[in-house]
1. Inside the stretch A:38-77, can you point out the residues that are outside any strand (DSSP E or B), of a type in the set (D, E, K, R) and within 8 Å of chain B (Cβ to nearest Cβ)?
2. Could you please find all residues in the stretch A:89-106 being out of contact with any Gly (no Cβ under 7 Å at 6 or more places or on another chain) and closer than 21 Å to residue A:12 by Cβ?
3. Hey, among A:44, A:85, A:30, which residue is surrounded by 18 or more Cβ atoms within 10 Å (Cβ to Cβ) and closer than 12 Å to residue A:114 by Cβ?
4. Assess whether residue B:119 counts as being loosely packed, with under 14 Cβ neighbours inside 10 Å, more than 7 Å from every other protein chain (Cβ to nearest Cβ) and under 22 Å from residue A:75 (Cβ atoms).
5. Output the residues belonging to the stretch B:99-114 that are in a loop (DSSP other than H, G, I, E, B) and polar (S, T, N, Q).
6. If you take the residues of the stretch B:49-60 that are touching a Pro at 6+ places or on another chain (Cβ under 9 Å) and at the interface with another protein chain (Cβ under 7 Å from one of its Cβ atoms), which of them is farthest from residue B:130 (Cα to Cα)?
7. Please tell me if residue B:58 is buried (at least 17 other Cβ atoms within 10 Å of the Cβ), modelled with pLDDT of 85 or more and in a strand (DSSP E or B).
Amino acid sequence: MKDKELQVQPKHHVQQGGEPTKPEKQFVPAVDIYETDKAVTVVAEMPGVAKTGIEVSLEDGVLTMTGERHNGLEKGALLLREFDAGRYVRRFTVSENIDQEHIKATMVHGMLTLVLPKIPPASPRRIEVQGG
Amino acid sequence: MAIIRFGDRPFFRSPWSEFERMRRDMDALLQYWGGEGGRGEAMVYPLLNIFEDKDSIYVYGEVPGVLPENLDVSVEGETLIIKGERKPWQAGEDVSFHRREIQSGTFSRAVTLPTKVNTDRVEARVVDGILSVTLAKAEEVKPRQVEIKIG
């Protein structure tokens, strides 16, 4: 694992219903999703997207993350083009035991990290019976 | 920009020379765009976009999750070398993975630049996972305006 050489991962275009309004390429970012006792973490690769370009929304149990790239990576005449630029879009369904109010997003070095904290299981509550 | 050398020109105008020129242009075009279709095996990480203007060459690469201290950019003669390592991104010890699509590992890539560059004036920065290297062209290869005198 240590000395593994990185391979190029081809970018996948978004395959889903609904056409984008802007004639722009949309890509599916590669993600890691891992879970601990406390939270589910989603890490997505979004090179070229600044903190301000990230939008995360949760609606009807569907988590949508989009990354809008900032421009300024084209200068003068093109000599070689190996990667395409575009938006990043990916959606996941989120289970109900996620504390939807406290989802945290951070963006560092082109990597978006979303921490989805779990709701701690409800502790059994004793209900006292009032004597009349 | 097509550069026509004097040696390329036939001494006598042949009726086929125009076709020959077209064929050469098509070859150049295919060579230029060939990379677009053939994504996959032969590609080396990181993928690069390269631009130039009259003073500089601009190289951009996508290196998300690579920390600047793990990235090594050097220029030797007319070759730009980009090396580095991408460490696993912040996963703790006690985690169970549901999806694992992001890779980690080492990479190195060498690119031959189209012109000579001034090796003292190379700037490299990483912003939001994009490496940008600006290389100043060497003085002798910069285009020079030739003044035309009248009279």
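The values are calculated or read from the model by the stated rules, or taken from the named source; none is laboratory data. Not measured: the values here are computed from a predicted model. Neighbour counts are summed over all protein chains in view; Cβ atoms, including those assigned to glycine, are modelled from backbone coordinates with ideal geometry.
1. A:74, A:75
2. Within the stretch A:89-106, A:89, A:90, A:91, A:92 meet the criteria.
3. A:44
4. No, not satisfied.
5. B:103, B:104
6. Restricting to residues being touching a Pro at 6+ places or on another chain (Cβ under 9 Å) and at the interface with another protein chain (Cβ under 7 Å from one of its Cβ atoms), the top hit is B:52.
7. It is true that residue B:58 is buried (at least 17 other Cβ atoms within 10 Å of the Cβ), modelled with pLDDT of 85 or more and in a strand (DSSP E or B).
Conditions tested, residue by residue: (1) within 10 Å of another protein chain (Cβ to nearest Cβ); (2) surrounded by fewer than 14 Cβ atoms within 10 Å (Cβ to Cβ).
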residue: A:79; (1), (2): yes, no
residue: A:90; (1), (2): no, no
residue: A:103; (1), (2): no, no
residue: A:108; (1), (2): yes, no
residue: A:111; (1), (2): yes, no
residue: A:115; (1), (2): no, no
residue: A:126; (1), (2): no, yes
